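Below is one structure; the comments refer to it alone.
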Amino acid sequence: VAHGYFERVSAGIGTAIEAFSHELKKGNLVKASEVLARSESYAKTNADYAGFQGHLAQRQGDGASASQHYRKALAISPQDGRWWFGLGEALTSTGDKANATLAYQRALSSGNLPPTLADLATQRSSQ
C-alpha cells in the first residue's frame, strides 16, 4: 500500500460526508445521493458512510434499502447507537414493528445515542 493512501482515503471520505451533509441539510436529496455515489468505491468499510446511505434511503422513502445500509453500518460498527436507531426507523417504515422495537432497544443500550435520539428511541420502543 502506497504511503499516505489511508490518509487520502480518510480525507476523501470526510470530504464526501461533509458535502453529503451540506446537500441533505439543504433538502437536496438528488445531489446528496450523487455525492455518495461518487465516493462509494473507496468507502466500503466506513460505518458512517453506510449509515448516511441508510439515512438518505430513508429520507427517499425506501425503508428496505435503508435497512440494508444500516445493517452494513452495524456490521462495521455494532455499538453505534445512531445506526441502531436508523435501523429502527427503517424497520418501522416497512411495518416490521417487532424488530424495530428491538433495534430501538439496542440503540438505547449502546450508551452513545445523542439525547434527542435517545428520547425518540424511548418513545418508539414503548409503542
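The values are calculated or read from the model by the stated rules, or taken from the named source; none is laboratory data. Since this is a predicted model, take the numbers as computed values, not measurements. Here the Cβ positions follow ideal geometry from the backbone for every residue, glycine too, while neighbour counts run over all protein chains shown. The area values use the complete protein model at the heavy-atom level, side chains included, leaving out ligands, DNA and RNA. Shrake-Rupley method; radii C 1.70, N 1.55, O 1.52, S 1.80 Å.
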Residues located in the range 27-47, provided they are modelled with pLDDT of 85 or more and open to solvent by 50 Å² or more (accessible area, probe 1.4 Å): none
Cβ pairs under 6 Å, 6+ apart, first in the range 108-127 and in contact (Cβ under 8 Å) with a residue 12 or more places away in the chain, second of a type in the set (S, T, N, Q) and surrounded by fewer than 14 Cβ atoms within 10 Å (Cβ to Cβ): 110/79
The range 102-122, residues that are farther than 11 Å from residue 87 by Cβ and touching a Ser or Thr at 6+ places or on another chain (Cβ under 7 Å): 105, 108
Selection from the range 39-80 of residues that are part of a helix (DSSP H, G or I) and among the hydrophobic types (A, V, I, L, M, F, W, C): 47, 50, 52, 56, 57, 64, 66, 73, 74, 75, 76
Residue selected from the range 53-70 under the condition in contact with a Leu (Cβ under 7 Å, 6 or more places away or on another chain) and open to solvent by 40 Å² or more (accessible area, probe 1.4 Å), by the criterion nearest to residue 24 (Cα to Cα): 59
